[in-house]
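Below: one structure, written as structure tokens.
The values are calculated or read from the model by the stated rules, or taken from the named source; none is laboratory data. Since we're looking at a predicted model, the values are computed, not measured. We place every Cβ from the backbone using ideal geometry, glycine too, and count neighbours over all the protein chains shown. Side chains are part of the model used for accessible areas, which takes the heavy atoms of the whole protein and leaves out ligands, DNA and RNA. Shrake-Rupley method; radii C 1.70, N 1.55, O 1.52, S 1.80 Å.
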Amino acid sequence: MRKVMISTLLLIAISSGTVRAQEPKEAGTFGHWTAYHYKTKKGPVCYIVSQPVKSEISRKGARRDPAFFLVTHRPADKVRAEVSTIMGYPLKKNSMPVVEIDGKKFRLFAVGDGAWSESPAADRKIVAAMKKGRTMVVRGVSGRGTKTVDTYSLKGVSAALEKINALCNMK
């Protein structure tokens with residue numbers, strides 16, 4: 001499963017314009033979160049990633065690819081703690097997946113099989129809630145109307161964030 005995760009994330013890096021990126025290097029696992037980093041022509045990229053500890057699908061027999069939740073630093077692009085998720089299926093057009101952390105809800109915008117927060121300010125709020133929280137739930141709807149509920153453990157997220165802060169020199 002780890003090789004699938006690395007391959008998936010490498011494809012994301014390549015598709016986001018960092019074609020000269022090295023393969024991500026694991027920098028440690030902290031609870032349910034793993035830190036990675038790699039270098040691009042523009043500079044380092046550091047991220048943490050986790051997979052759901054529990055997934056629920058509303059339609060029996062529905063299949064999907066693995067789901068992931070990421071927090072990414074790209075200092076050369078002035079990106080700090082960008083929140084994103086890969087849902088494992090194409091999301092319903094114009095849908096707004098919801099992230100809920102210990103009862104606090106945040107909306108994301110969907111593009112293809114991924115979703116992002118609306119702004120760096122929203123990223124900061126989500127990451128702050130992740131650091132204080134215990135559990136994170138991501139709800140989405142596929143293009144076919146299938147609803148999913150992915151539950152993530154936040155155990156280790158603060159330590160993993162500290163690691164990528166150090167790797168990407170983000171204070």
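Quick rundown of the values:
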| item | result |
| --- | --- |
| Pairs, first surrounded by 18 or more Cβ atoms within 10 Å (Cβ to Cβ) in the range 36-62, second among the polar types (S, T, N, Q) and in a strand (DSSP E or B), C-beta under 6 Å, six or more apart | 47/72; 49/34; 52/151 |
| Evaluation of residue 84 against (1) modelled with pLDDT of 95 or more; (2) under 26 Å from residue 125 (Cβ atoms); (3) open to solvent by 20 Å² or more (accessible area, probe 1.4 Å) (one fails), failing number | (3) |
| Residue 32 vs. criteria in contact with a strand residue (DSSP E or B) (Cβ under 8 Å, 6 or more places away or on another chain) and open to solvent by 20 Å² or more (accessible area, probe 1.4 Å) | yes |
| Qualifying positions in the range 152-171 - farther than 13 Å from residue 34 by Cβ and either open to solvent by 30 Å² or more (accessible area, probe 1.4 Å) or among the aliphatic types (A, V, I, L, M) (or both) | 154, 158, 162, 165, 166, 169, 170, 171 |
| Residue 102 vs. criteria open to solvent by 10 Å² or more (accessible area, probe 1.4 Å), closer than 30 Å to residue 42 by Cα and of a type in the set (Asp, Glu) | no |
